[in-house]
Amino acid sequence: MSWVSDYQYSLAERIAMRTLRICGQIPHHVAFVMDGNRRFARSQHIDKIEGHSRGFEKLADCLRWCLDVGVREVTTFAFSIENFKRSSEEVDGLFNLAREKFARLLQEVARLEEHGIRIRVIGNIELLPLDLQKLVATAMLSTERNDKLFLNVAFAYTSHDEITQAVETVLRHGNEDIEAADISERLLEECLYTRHSPPPDLVFRTSGETRLSDFMMWQLSTSVLYFSNVLWPQITFWHFLASILAYQRDRWQLDDFRRRERMHSLELAKTSHFYSERVQKFLATIDEDRRKLLVRVAAAN
Ligand code: FPP
Ligand code: MG
């Protein structure tokens, strides 16, 4: 199964998609919390890994819908650090599925380039088995020049860990140049895995759970949250469409809130040392260091 499916739209779906684009704003960035795979597997009397595999197929459909509707960034929660607490059989099964999918991704680099899709794995990839780290790093490097649609796969991710890693980045790489007075919201934000992404406009969680489960908690303060009872492997184009409509209905009040928050954050940045030469010099090293790490991991034996 490819990362972007060849979804065949019905006539009604085509008309609905065109109407949606004409009638309202399309979210720039959509995040999916793909929940309910095991309940789906139980209901169909199939193995839970098969449930996750069907979940991947739906992710490929979702990517196709996002591309066609005009969403430019997608973030998806594929494996929480909390999921390490599941049975070793399930964790191994999920890692095998990820191995298969990232290996497949490397075979279809040309197709991803055609669509301009860049894959970024956000999370603490050092927690993963070495061979999977290598696959993930190679996938990220192979698509790094694409810039039409960004797909962030949160894998070995929690917000608590992301924020902890951000603090560690400041302490480890800021050397003696970064002082306590330099610490600001803007600085920490630049040290998150998502430093180059705008916050999600819309978050879609399936399976009836109305929690964030430690997903992008820093980034979601001004996002439209949309919860649906459908289990992830059963999501259809119409569920996706309903979430975009909910965004179009609710975004007004959030836009205003976002404007005020941006002003507040700019004010804070002005009063901190965010624009000082030493802070900017430190920030310039982050991407470089992260890329070096990927190259090292991808080249490891
Ligand atoms: C949540 O459902 C889903 C997961 C923990 C895994 C999601 C992973 C995929 C869809 C595969 C993605 C793979 C790649 C490489 C992107 P659940 O297990 O919590 O199900 P439940 O809520 O019914 O128990
Ligand atoms: Mg669940």
How much accessible area per residue does the chain have, in Å², with a 1.4 Å probe? 49
Listed residues Phe84, Phe155, Phe32; largest mean-square fluctuation, Gaussian network over the chain with Cα springs below 10 Å, found at Phe84
What relative contact order, as a whole-number percentage, does region 26-299 give when Cα pairs under 8 Å and 6 or more residues apart are counted? 25
Considering amide H positions built from the backbone, and no H for Pro or chain starts, which residues 5 or more places from Phe32, or on another chain, come under 5 Å of its amide H? Thr75, Thr76, Phe77, Phe204
Starting from the Cα gyration tensor of region 235-301, take the square roots of the eigenvalues, sort them a ≥ b ≥ c, and report rounded, prolate or oblate (rounded when a/c is under 1.5, otherwise prolate if a/b is larger than b/c, else oblate). oblate
Hey, any idea what % of the chain's accessible area is carbon plus sulfur with a 1.4 Å probe? 52
Based on the Kirkwood radius over alpha-carbon pairs, what is the Stokes-Einstein translational diffusion coefficient of region 1-107 at 4 °C with 1.567 mPa s viscosity, in µm²/s? 83
Using Cα centres only, tell me the gap between region 46-82 and region 207-267 in whole Å. 17
How long is region 26-299 along each principal axis, judged by its Cα atoms, biggest number first, in Å? 58, 47, 38
Could you derive backbone 3J(HN,Hα) for region 68-79 from the dihedral phi with the Karplus parameters 6.51, -1.76 and 1.60 (θ = phi - 60°), listing whole Hz in sequence and x where the residue is Gly or Pro? 6, 7, x, 6, 10, 9, 10, 10, 10, 8, 9, 7
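The values are calculated or read from the model by the stated rules, or taken from the named source; none is laboratory data. Owing to the predicted nature of the structure, the values given are computational and were not obtained by experimental measurement. Ligands, DNA and RNA are stripped out before the accessible areas are found, and what is left, the full protein with its side chains, is counted by its heavy atoms. Shrake-Rupley method; radii C 1.70, N 1.55, O 1.52, S 1.80 Å.
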